[in-house]
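Just so it is clear, none of the values below were taken in a lab; they were calculated from the coordinates. Please read these numbers as outputs of a predicted model, since none were measured by experiment. When we count neighbours, we look across all protein chains shown, and the Cβ atoms used for this are built from the backbone with ideal geometry, even at glycine.
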Amino acid sequence: MTHRTAIQVPGIESHPDVCGGEPCISGTRIPVWILEQMRRQGLSEAEVLRCYPTLQNSDLNNAWAYVRRHTADIDRQIRENEEA
């Protein structure tokens with residue numbers, strides 16, 4: 001049995017064995033920081049959904065809610081992954 005951790009925002013969870021434990025859209029391996037980075041680069045929600053056709057508008061709404069509550073963590077994750 002795998003253990004996933006809910007992260008105070010519906011639809012966002014973390015698992016130590018998935019994406020290094022970074023917060024992801026529930027049931028996926030899509031980290032929130034990637035979606036936020038795409039948004040910061042100017043992609044529209046429609047463009048993000050085209051890149052990730054398994055996602056729904058509600059998944060993006062959950063991701064944006066997580067970003068609003070954890071901006072410093074998302075900034076750090078983006079920075080760390082750009083430097084990697």
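Here are some notes:
- A straight chain from R29 to W64 at 0.36 nm per residue would run longer than the Cα-Cα distance by 10.9 nm.
- Dipole magnitude of region 10-83 about its Cα centre (Cβ charges: Lys, Arg +1; Asp, Glu -1), debye to nearest 20: 220 debye
- Rounded to whole Å, the principal axis extents of the Cα atoms in region 14-83 read 27, 25, 22, largest first.
- Within a Gaussian network of the chain (alpha carbon springs, distance under 10 Å), most fluctuating of L43, L60, L35: L43
- For the chain, the relative contact order works out to 24 percent when only alpha carbon pairs closer than 8 Å and six or more residues apart are counted.
- Placing unit charges on each Cβ (+1 for Lys and Arg, -1 for Asp and Glu) gives the chain a dipole about its Cα centre, and among S58, I74, I25 the Cα reaching farthest toward its positive end belongs to S58.
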